[in-house]
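**Q** I have a structure here, written as structure tokens, and I will follow up with some questions on it.
The values are calculated or read from the model by the stated rules, or taken from the named source; none is laboratory data. Small disclaimer: the values here were computed from a predicted structure and weren't measured. Positions of Cβ are generated from backbone atoms using ideal geometry, with glycine treated the same way; all protein chains shown enter the neighbour counts. Just so you know, the surface numbers come from the protein's heavy atoms only, side chains and all, with ligands and any DNA or RNA stripped out. Shrake-Rupley method; radii C 1.70, N 1.55, O 1.52, S 1.80 Å.
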Amino acid sequence: LRGLLRGGLRLLFCSLVRPPTPIALQRGLLRMLTATTRAPHGLSLTHGHLGGRPCEWQRPAQDGGRVLLYLHGGAYLIGSAATHRGISGILATCSQRAVCALDYRLAPEHPYPAALEDAVAAYQELLAMGYRSEQIVIGGDSAGGNLTLVTALRLQELGLPLPAALVCFS
């Protein structure tokens, strides 16, 4: 049954979440498919803002003062902290650090470099909140993995302290 459900989901997702399906429909489909995703047991889930953008924080009981700035995938067109709640929750549980999933601005409404500006602003706010660079990891999947890399390059260009690590999923 699990294989059948996964196969059906993959077929539905792959056939509709791509051109020529309108972006608004793709976004709605992804929200619908992930609507029941909850934070894993043992984590607190709160909504907030970071760098002027909405975000979701998932925190284990003990996070050691460490944080992962998570940048979701979705081709810079779709996705959100809510649609990627499952993966960010697993990362919070496995790493025993707070995970802040950022809702960066999406194209085509907000073209490049909007997402990059949002990620840099979020990192700068983490520093302003008192996190030291060695306590911060930036990570993401797919487009979020690319955004992780270009954010680190931009931080370096700006002469800001670099995060302890980068985590990129493809």
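**Q** Show me the strands (runs of 3 or more DSSP E) found entirely inside the range 15-84 where at least 3 residues are of a type in the set (A, V, I, L, M, F, W, C).
**A** Passing ranges, in order: 43-50, 67-71.
**Q** I've got another one for you. What's the total number of residues in the range 137-149 that are open to solvent by 20 Å² or more (accessible area, probe 1.4 Å) and either touching a residue at least 40 places away in the same chain (Cβ under 8 Å) or in contact with a helix residue (DSSP H, G or I) (Cβ under 6 Å, 6 or more places away or on another chain) (or both)?
**A** 2
**Q** Oh, and also: Right, Thr93: assigned to a helix (DSSP H, G or I) and under 20 Å from Gly48 (Cα atoms) or not?
**A** Yes: the conditions hold for Thr93.
**Q** Taking the residues in the range 69-95 that are polar (S, T, N, Q) and closer than 19 Å to Thr148 by Cβ as candidates, determine which candidate is most open to solvent (accessible area, probe 1.4 Å). Walk me through how you get there before you give the answer.
**A** Initial filter on the range 69-95 (polar (S, T, N, Q)): 80, 83, 88, 93, 95.
Next cut, closer than 19 Å to Thr148 by Cβ only: 80, 83, 88, 95.
On the way: Ser80: 24, Thr83: 19, Ser88: 2, Ser95: 41 Å².
In this case the residue turns out to be Ser95.
**Q** Now a separate question. Give the range 103-136 a look and list any residue that's more than 23 Å from His47 (Cβ to Cβ) and either assigned to a strand (DSSP E or B) or touching a residue at least 60 places away in the same chain (Cβ under 8 Å) (or both), or say none.
**A** The one that is more than 23 Å from His47 (Cβ to Cβ) and either assigned to a strand (DSSP E or B) or touching a residue at least 60 places away in the same chain (Cβ under 8 Å) (or both): Pro108.
**Q** Is it the case that some residue within the range 45-59 is out of contact with any Leu (no Cβ under 9 Å at 6 or more places or on another chain), in contact (Cβ under 8 Å) with a residue 60 or more places away in the chain and open to solvent by 20 Å² or more (accessible area, probe 1.4 Å)?
**A** Yes, because at least one residue in the range 45-59 is out of contact with any Leu (no Cβ under 9 Å at 6 or more places or on another chain), in contact (Cβ under 8 Å) with a residue 60 or more places away in the chain and open to solvent by 20 Å² or more (accessible area, probe 1.4 Å).
**Q** Would you say Leu126 is over 17 Å from the mean Cα position of the chain (by Cα) and aliphatic (A, V, I, L, M)? Before the answer, list the steps.
**A** On the way: over 17 Å from the mean Cα position of the chain (by Cα): no; aliphatic (A, V, I, L, M): yes.
So Leu126 does not fit the description; no.
**Q** Exactly one condition in (1) closer than 17 Å to Leu126 by Cβ; (2) surrounded by 19 or more Cβ atoms within 10 Å (Cβ to Cβ); (3) not hydroxyl-bearing (Ser, Thr, Tyr) is false for Arg66; which is it?
**A** Unmet for Arg66, out of (1) closer than 17 Å to Leu126 by Cβ; (2) surrounded by 19 or more Cβ atoms within 10 Å (Cβ to Cβ); (3) not hydroxyl-bearing (Ser, Thr, Tyr): (2).
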